[in-house]
Every structure is written in C-alpha cells, then in structure tokens.
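Each remark here refers to the structure printed beneath this line.
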Amino acid sequence: MNRLLPYLSTLLLTIFLCTSVRAQMADRPTSGELYAGIEKLQVLGSALYMAAHPDDENTRLIAYLANVDKVETAYLSLTRGDGGQNLIAPDISELLGLTRTQELLAARRIDGGTQFFSRANDFGYSKHPDETFNIWDKQQVLADAVWVIRKWRPDVIVLRFDPRDPGSTHGHHTASAMIGMEAFDLANDPNAFPEQLKYVKLWQPRRIYWNAYTWRGVPEHMDTTKVINVDVGKYLPLLGESVAEIAARSRSQHKSQGFGSRGQRGEQIEELELLKGDDHDVEGETFGNIDLTWNRVVSGAPIMRALAEIQQNFDFSNPSASVPGMVGVRKIIAALDANHYRDVKLRELDDLISGALGLYLSASVDDPITTSGATLELEIEATNRSGQPVQLLSYQILGADVDAAQVGKELSANRPFTKTDTVKLRDDFAGSTPYWLRENWALGMYRVDDQLERGEGESPDPVNVRFSLDIGGEIITLTRPVRHAYTDPVKGEQAQPLEIMPPVFAELDESSYLFTGTEAKSVRVKVTSAKADLTGTVELRVPEEWRVTPDSYEFDIPRKGQEEYFTFQLSPPAGQVSGMIVPMIKLDDGDDTEYSRKLVTIDHPHLPTQLADLDASAPVAKLDLKTSGKEIGYVSGAGDAIPEALTSVGYNVSVLSAGELATGDLRRFDAIVVGIRAYNVEANMANYNPRLLEYVKNGGTMVVQYNTSRGLKLDQTQIGPYPFQLSRDRTTVEEAEVRILAPDHRVLNYPNKITATDFEGWVQERGLYFPSSWDDHYTPIISSNDPGEDAHDGGLLVAEYGNGHFVYTGYSFFRELPAGVPGAFRLFVNLVSLGGETR
C-alpha cells in the first residue's frame, strides 16, 4: 500500500490541477502571461465556485479570482447541461452534454479556472429542489461535492444561487446551492464519505458566500451587514484587457446556448453575502484575514523572497533569463515536507520554466483512433527556443510496452531534436470514451464506479510521453499527451486527442424506427473497422415477437477505417408495441466479447474534435398510425431531428433553403413545419414569415414549434396570423396529466383519434415556453400543469386563417419523436394533416 501512495499522489495532482488535460493545442505563453504566473506563484489559496449547469457560472468573478486575486479557482458544475437545447447542432441529451462539457473547458482555458463536474445528469427543467432530488441521488451528488472540496481545498466557496429561496428559480439551481451548504460542513467530517479518505484528506473551507444578484431587489432574508462588494472591472495591462473582457470571451464559449457576450470596461460590482464561516472579511476582500502567502508553509519565507526577486528582475524581452532563479526556487520547494501547496506550486513552476524556455515538447501520430495492443508510429520533438542550457535525458512513452528511451542530448538553442518511434500499446486499455458514458445510466445520475474519475472534466489522455530534462542541474519531468497532429488546408495547424477505441463499430442508419403497418422494413447496419484484418459476424437483435432476416452476416474487412453495410429485413408484430433493436458484432478472434457501440464525432470550430463510442441501440415501435398528405417543408431552427422522424413514417421532407423561403413555390407542400426556436436564431424570419402566413391563407398548414420570448427576430405578435403572448410557462413532469379541452376538434380526430393513452411514455418533459394569452381566433386543444400549479392551456393552439391552418405548439415533440414515443407521433401527424385527406 505504501508503494501505491506516491503514485496516487502524482495521479491526483495530474488529474486535479489541469484545466483541461485534453486541450487542443499546446500552451505558448507570452511574456506577460509568464510574469503573471510568477505573481501567482507567490499566492497560496484557492476558491471553488458552485452552480448547476454549464453557463450558470459567473465568468467575471472566476476571471477576477484567478487573474487578480491569483488564487487557484475552479468551477463545479453539478451537471454537464445534457437537458438543455442546442443552438448549433441537432445533438441533444448526452451528445449535447459532450459539447457543453467542452465549452466549459474552453471557457476555463480563457478565464484561468479549472473545471469539475458531479455525476448528476441534467434531466431538464425542474421547478423546485424537491423535484430535483426526487430524480438526482442527493447522497451521490453530495459525495461528489465533498470529494471536490477535499481535493481542491478551497479557502472560500462561492454559490451562484441562493440556498434559502426554493421555488424562485430552476430547481437544479437551488439544489446546487443546498448541496454546497451541506458539503461545506461535511468536507471536514471524518464520518462523511470515509471511503474518500484513502485518497484525500479532510478539509474545512473558511467561508461560503452567495454571489448575490440584487437586480431583482434585495431579498428579505439577505443579511446586508454581511455583504462585501468586489469590483471585478479591473484592467490587467499584462494581459491587455479587463477582467470583464476576459470574462466575455470565456462566456462566449457557450455557443450551443447562444451566450455570446461583449466585454465591458469600467467598474463592475459583484456582491458576496457571507452565509457560513468566519466573519473577518474586509470590505471588498473575499479573502480578508486569510493568509495567502508562503507563510502558510513551514520554511516558506525564503521562497517568498526568492520569487519577489525573480519578479523584480523579470526581463520581458528575454524571459528565459529568469530560468536560473526559477530553478533555484524549485530546489527549495522540492525540499519541503510533502504538503498540498508544495505539489501545486511545483507543477505551476515547472510549467513556467517550460514556458520561459520556449520549450516545445510533443508526440504526435497520423491517426486519431487506435485500439488496445495496436502498433503506433510516434513523431517525437523536443525544442529549446532559448539560450539557457537544457539537456534531454530520456523520454518514456506511458501506455506502451517499451522501456524509456535514453537520449542524453543537449538541446541547443532552436535546434529541434526529432525521432520516430514505433511502439506497441498495452493490451489492457479500457478505452478512452468519456468516462461518464461508459456504463448505462439511469435518469438523473451517471454511473462512475472509479472514485478517482469522479469530478473530472473529461477522461485523461490514454497515451502520454514523459520527458526527463536536466535544466540548470535540476531534473525536471514534463508530460505531454500524444496527439493526432495535422495541417488543415483552411485552419492550418490542428491537433486532436488520440482515442483508444473498440476494434469495430456498429451503427444503424436511423436514430429510431417506426412501423405503421405489418410489412417489413429494411434496417441497415454499418460496420466500421478500427483496425486492419477483421473477420466476424454481425446480427440484429430485436425484441420478442419481432422477426428479422437473415439471422446474421459474415464479414471480412482488410483495411482499418473501412466500412461495410449489411441490410436486415425487420417485421413488426401486430398491435402497438415498442422496444429496442441492437446491432451486435462478434469477431473471429477467439474472444467472446460482443461489440455494440457506434462511433460518434462532434466537431465544432470552437472546440477540440470529440470522438466517443456510444451505445448503438435504437428505439423501434409499431404504431397505430394513419397519415395524410405526403410533402412536408421544414424550416430549420436551432436544430432537431423532426425531419428524420417524419421521414421514418413515410413523409417526404424538404429542408427549405433561404431562396425557397424567399421566392420559392410553397404551394407544393401539404404542411410546413418550423423548427424549434427558429424565430430566435434565424435572422431572416421577419422576412420569411409573411410568405409563410400567405401560404397558410391560401390553404396550407403551418406548424410552429416552441420559441422563447427573449431574442426574437420579430415581434412575437407577428409570428402567427393573430397575436399570442409567449411566457416561461412549462410542464416539466413528463407524467403530468394532459387534459383534452377540445375533444371534437379535427386535430384530435383526424387521421388519428387522440386519447389520454397517447400521452403515456413521454420523455423528459411535456413542454416549455407555452403562450400565456392568445387571440380568440385560436383554439386551445390540450392542457397540462405540474403538481400544485394552475393549468397551462396554451401549449397547443390552432387557428383557421383564410383557407388554411396555423398551429403553435410548445409541447416537446423535438424530444418525443426521436425517442419514438407513439402518442407523440400520432398527435404530430394530426397537426401536419389538418388540411389533408386520409390515404
């Protein structure tokens, strides 16, 4: 056990102190950033910001703490934002969570913070923390918060939301604050989550604040005598921008939520109300009377003096001149007794020494995907871009079955050392897919069995190279991840993480399969090899009573990355049923392992490319469904899978271009569906909408899905032919009763008879942003509400206009249809069939 502890200490340091271990490109700090780093070396303290979701964090305060107070600053987001909407792609749920995770990591790279998460899953909006804790496992979430506090060891915790006002905001928000308040006490309790103490020690933060927002008025329960004001508007000449400008760049990484922000100048006041802890804070000083100097460490005074001298003599035109002094300080810090701050500051100092030398260390491969036991060709480079003496002693490829390569070579100024190594990876890699998505999870909580993985922003890089260098007589070890490096003809130099994946992937053509009759349908499975020379069989496993032919196919794939397609015929049973189908692969390698994972790529310009292997199964349903009409026009909004869902039940769906919307002949469509939040994100909707309403007037059917009142591209009274008022009303409980208000209306009877059973089995929520008032020309069709609330009658409004029909709906068809919910399909088909005849 004693031999394991140093390894665990190193592992924890590597995992817990990296803003993003999988950042896209290597850091190349400027002289101003290096000088700021020297200032930060002299500060021993930390802060933890806590909230519920990506984009909840106050980037102004995080940037201030990290760049002005210069304390180690982290943000604990309890969820990864999986339950939100996506303005830049159709991905939702766990795929949206992947994007929003990377957006948070990108934000922290800008504002100087570190990112943590709990295992909580964002299941969508909740109106009260009681509802939230009915779905989250509170003890697990609390354990994760305590774990992060114990390892990050914050002097202060800052809550974004008020723990004393449940029901005033999103239930996740208040829940995050309540978790923070409890964790503040439990982190120092040896009886709380004692299994963690194998890896971390108890810790008691000094204070916990609420980052008060009083623009709504000062709450009655707020103790104004315990409020300090922090001016976060400070200008930072070393970095060339104000804290608020840094914060705006950070917040603008939340592109999937449309949170682009403009930097501000001048005074910016943040209010912090002390909720627990000592009451010795000084006006405007979050850390008042907390010693943030090297006096916190025994024998720390010489370090303070030496760092102050380095700062005083720093040469911005030649930062490497400070390296001998930094190396001297490193020797003193390394000689200290083991403690938290010694480890933190050694890592910071090593990074500064590397940056001051202009040291470039890299290991790259020409393919972003490999498998356990594979052979890789690595390009190694080490370049010292200074006049300081640096010797490369050796490098060790971590994750490969190979000894350290002994080099013993002086790295002359700007003379790269390069070498190509062919190495075999270990055979026991579990894979590098996002750790929280490896195992199946229940609503509300991801499953993460490994304590050391909990809290991390992302999975660590699977293969790294550890360089051992002699710098001024001090042996310094620097580790760099292996990257797939390439040159994009437009973007130039690019890099993305190396991923260790299963040897083979299986993927279905569609995200869900719907049957409306008894005839068989083709289901195509794509088999993709992640290594060469694969042979095996692929089959389609189906629910009981469904029939599939053939039983299986054999395949022989000689080339890595090659794709082969296999078509099965799937026949449904009688009656309305649903289930899951699973493509399953067995390889002829003597191993009984079955493979049923698909490769998912998420590629956005502002983020590193994400590769993940995820469950390849898909919902399948036999629907009692009649359809009317054939041709559907679709106006793209913030992104959803409605076109694919309508195609699956026999419609021809045309995504309308700007030209078609502006001047095309819309009369050929039986109905036109407008995507979610189109009036929020499509700049030309004010120009297109009169043509769409004219289409309705001339006999067409137009179905508009939900929008928010904030950020509309035209006045909301002009969306429909008659005015209605959008609100924030929603029904978040997917099992909430749905009451039929207009039982004789055509939309509930043609071509499908809609009853209460059609609202069973809905996922995540009923609907959101319902209109709260509307013109008398509209007929409210159905009503719902969460427990204890008034009825929301405006979730589905239908109006006749001229010879056609206009529909506005806040019900969450964009979630229900991709999930294959039968009743949601039946109702949506009725919406687009308002002007048609049964076929």
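The values are calculated or read from the model by the stated rules, or taken from the named source; none is laboratory data. Note that the coordinates shown come from a computational prediction; the quantities given were computed from them, not determined experimentally. A quick note on method: Cβ atoms are made from the backbone with ideal geometry, for glycine too, and the neighbour counts reach across all protein chains shown.
Residues that are touching a residue at least 60 places away in the same chain (Cβ under 8 Å), part of a helix (DSSP H, G or I), out of contact with any Leu (no Cβ under 9 Å at 6 or more places or on another chain) and not assigned by TED's automatic domain parsing to the domain that holds Ala530 occur at least once in the stretch 329-336.
Can you name the residue in the stretch 202-226 that is surrounded by 12 or more Cβ atoms within 10 Å (Cβ to Cβ) and not in a loop (DSSP other than H, G, I, E, B) and is also farthest from the chain's Cα centre (by Cα) among such residues? Among residues in the stretch 202-226 that are surrounded by 12 or more Cβ atoms within 10 Å (Cβ to Cβ) and not in a loop (DSSP other than H, G, I, E, B), the one farthest from the chain's Cα centre (by Cα) is Lys226. Evaluate the following for Leu570: is it farther than 28 Å from Ala430 by Cα, modelled with pLDDT under 95, aliphatic (A, V, I, L, M) and in a strand (DSSP E or B)? Taking the combined requirement at face value, the residue does not satisfy it.
Could you tell me which of the residues Ser261, Ser250 is touching a Ser or Thr at 6+ places or on another chain (Cβ under 6 Å) and in a helix (DSSP H, G or I)?
Numbers: Ser261 fails: in a helix (DSSP H, G or I).
None of the others qualify; the one that does is Ser250.
Filtering the stretch 90-97 for residues that are in a loop (DSSP other than H, G, I, E, B) and polar (S, T, N, Q) leaves a non-empty set.
Suppose the filter is in the same structural domain as Phe806 (by TED's automatic domain parsing), at pLDDT 95 or above and either touching a strand residue (DSSP E or B) at 6+ places or on another chain (Cβ under 8 Å) or over 26 Å from Leu534 (Cα atoms) (or both); does Ile585 pass it?
Values: in the same structural domain as Phe806 (by TED's automatic domain parsing): no; at pLDDT 95 or above: yes; either touching a strand residue (DSSP E or B) at 6+ places or on another chain (Cβ under 8 Å) or over 26 Å from Leu534 (Cα atoms) (or both): yes.
When the stated conditions are applied, Ile585 does not pass them.
Checked against the criterion of being within 25 Å of Ala244 (Cα to Cα), more than 21 Å from the chain's Cα centre (by Cα), at pLDDT 95 or above and assigned to a strand (DSSP E or B), the stretch 21-34 contains not a single residue that satisfies it. Residues in the stretch 499-519 that are assigned to a strand (DSSP E or B) and either acidic (Asp, Glu) or farther than 21 Å from Pro583 by Cβ (or both): Glu499, Ile500, Glu507. Residues of the stretch 227-241 that are over 20 Å from Met50 (Cα atoms) and either among the β-branched types (Val, Ile, Thr) or exposed (fewer than 13 other Cβ atoms within 10 Å of the Cβ) (or both): Pro237, Gly240.
I'd like to know if the stretch 592-607 contains one or more residues that are outside any strand (DSSP E or B), of a type in the set (A, V, I, L, M) and either closer than 30 Å to Gln102 by Cβ or without any contact (Cβ under 8 Å) to a residue 24 or more places away in the chain (or both). Before the answer, list the steps.
As a first pass, look at the stretch 592-607 and keep what is outside any strand (DSSP E or B): 592-593, 596, 603-607.
Within this subset, residues satisfying the condition of being of a type in the set (A, V, I, L, M) are 607.
From what's left, either closer than 30 Å to Gln102 by Cβ or without any contact (Cβ under 8 Å) to a residue 24 or more places away in the chain (or both): 607.
Yes, because at least one residue in the stretch 592-607 is outside any strand (DSSP E or B), of a type in the set (A, V, I, L, M) and either closer than 30 Å to Gln102 by Cβ or without any contact (Cβ under 8 Å) to a residue 24 or more places away in the chain (or both).
May I ask you to say which residue of Ala177, Ala143, Ala183, Ala192 is in contact with a helix residue (DSSP H, G or I) (Cβ under 6 Å, 6 or more places away or on another chain) and in a helix (DSSP H, G or I)?
On the way: Ala177 fails: in contact with a helix residue (DSSP H, G or I) (Cβ under 6 Å, 6 or more places away or on another chain); Ala143 fails: in contact with a helix residue (DSSP H, G or I) (Cβ under 6 Å, 6 or more places away or on another chain); Ala192 fails: in a helix (DSSP H, G or I).
From the options Ala177, Ala143, Ala183, Ala192, the qualifying one is Ala183.
Of the strands (runs of 3 or more DSSP E) lying entirely inside the stretch 415-498, those carrying at least 3 residues that are closer than 30 Å to Lys198 by Cβ are 464-471, 474-488. The listed residues are Ser364, Ser320, Ser354, and the only one of them that is over 25 Å from Phe161 (Cα atoms), hydroxyl-bearing (Ser, Thr, Tyr), not in a helix (DSSP H, G or I) and not assigned by TED's automatic domain parsing to the domain that holds Thr59 turns out to be Ser364.
Pairs are defined by a Cβ separation below 7 Å, a sequence spacing of at least 6 or placement on different chains, a first member in the stretch 718-731 that is in contact (Cβ under 8 Å) with a residue 24 or more places away in the chain, and a second member that is outside any strand (DSSP E or B) and among the small types (Gly, Ala, Ser); the pairs so defined are Leu726/Ser709. If the requirement is being crowded, with 16+ Cβ neighbours inside 10 Å, more than 30 Å from Gly836 (Cα to Cα) and either of a type outside the set (Ser, Thr, Tyr) or touching a Cys at 6+ places or on another chain (Cβ under 6 Å) (or both), which of these qualifies: Ile602, Ile642? The match here is Ile602.
The number of residues in the stretch 478-514 being closer than 21 Å to Ser412 by Cα and either of a type in the set (A, V, I, L, M, F, W, C) or free of Cβ contacts under 8 Å to residues at least 40 places away in the same chain (or both) comes to 1. Checking the stated criteria, Glu554 turns out not to satisfy the condition of being farther than 16 Å from Leu508 by Cα, at pLDDT 90 or above, of a type in the set (D, E, K, R) and not in a strand (DSSP E or B).
Take the conditions over 30 Å from Gly84 (Cβ atoms), without any contact (Cβ under 8 Å) to a residue 40 or more places away in the chain and in a helix (DSSP H, G or I) and apply them to Pro302. Does it pass? Yes. Within the stretch 46-79, restricting attention to residues that are in contact with a Phe, Trp or Tyr (Cβ under 6 Å, 6 or more places away or on another chain) and part of a loop (DSSP other than H, G, I, E, B), the residue that is modelled with the lowest pLDDT is Asp55. Taking the criterion of being under 20 Å from Tyr213 (Cα atoms) and assigned to a loop (DSSP other than H, G, I, E, B), the residues of the stretch 269-286 that qualify are Asp281, Glu283, Gly284, Thr286. Val523 fulfils the conditions (1) outside any strand (DSSP E or B); (2) closer than 30 Å to Val577 by Cβ except for a single criterion, (1).
State whether one or more residues within the stretch 606-627 are over 30 Å from Asp461 (Cα atoms), charged (D, E, K, R) and surrounded by fewer than 22 Cβ atoms within 10 Å (Cβ to Cβ). Among the residues of the stretch 606-627, at least one is over 30 Å from Asp461 (Cα atoms), charged (D, E, K, R) and surrounded by fewer than 22 Cβ atoms within 10 Å (Cβ to Cβ), which makes the answer yes. Among the residues of the stretch 528-543, are any of a type outside the set (Phe, Trp, Tyr), out of contact with any Lys or Arg (no Cβ under 8 Å at 6 or more places or on another chain) and over 30 Å from Ser432 (Cβ atoms)? Yes, some residue in the stretch 528-543 is of a type outside the set (Phe, Trp, Tyr), out of contact with any Lys or Arg (no Cβ under 8 Å at 6 or more places or on another chain) and over 30 Å from Ser432 (Cβ atoms). Among residues of the stretch 213-232 that are under 26 Å from Gly266 (Cβ atoms), those with a Cβ under 8 angstrom from a residue that is hydroxyl-bearing (Ser, Thr, Tyr) and assigned to a loop (DSSP other than H, G, I, E, B), sequence gap 6+ or separate chain, pair up as Met222/Thr214; Ile228/Thr286; Val230/Thr286.
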